[in-house]
Amino acid sequence: QSSPFKNTYKCIQEHKSEYPNPIQLFIGEIVIVGDNAPEDNWKNWIWVNKLNGQGGWVPEQFIQINEHQDSKKKGISLKDYSAKELDADIGDIFEKIDSINNWTWVKNLNTNQEGWIPDEKILTVDHG
């Protein structure tokens, strides 16, 4: 039987976003595709720019890359996506909503705010 706490996590290391204006994509949106993140544990993240110039990191699984029509590589967003990171303090309690490429989209159970946090900064809460 499944525990009601299986999606509950707590913050074990402070997290502060370095990107105050997170990119937001809509399904079907055309984007300009840049490079993958250089770090090994982030290599499935790709830098994309919206046509208005705003850029951000997106899981590469969410972008369908098209052949090069010109000098810029273009892609299409396969789903609605927000790059919003969640600032977190040690001891904050979260509900896990989604997870990909070593990051988890969580909801803070105190503030109801949602965003991404690196998996290494959260730990599952075991109420067993």
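Observations, loosely collected:
- Taking the centroid of alpha carbons for each part, the stretch 96-128 and the stretch 42-87 are 22 Å apart.
- Three-way shape call for the stretch 64-107 based on the alpha-carbon gyration tensor, with the a/c threshold at 1.5: prolate
- Under 11 Å, Cβ to Cβ, from LEU25 - net charge with Lys/Arg +1 and Asp/Glu -1: 0
- Taking 0.36 nm per residue of sequence separation and removing the Cα-Cα distance, the ILE30/THR111 pair yields an extension gain of 25.8 nm.
- Cα gyration tensor shape of the stretch 12-57, rounded if a/c is under 1.5, else prolate or oblate by comparing a/b with b/c: oblate
- Cα shape, the chain, gyration tensor, a/c 1.5 rule: prolate
Throughout, read-outs are computed from the coordinates displayed, never taken from laboratory work. Just so we're clear, the structure is a prediction, and the values are computed from it rather than from any experiment. Note: ideal-geometry Cβ built from the backbone for every residue, glycine included; neighbour counts use all protein chains shown.
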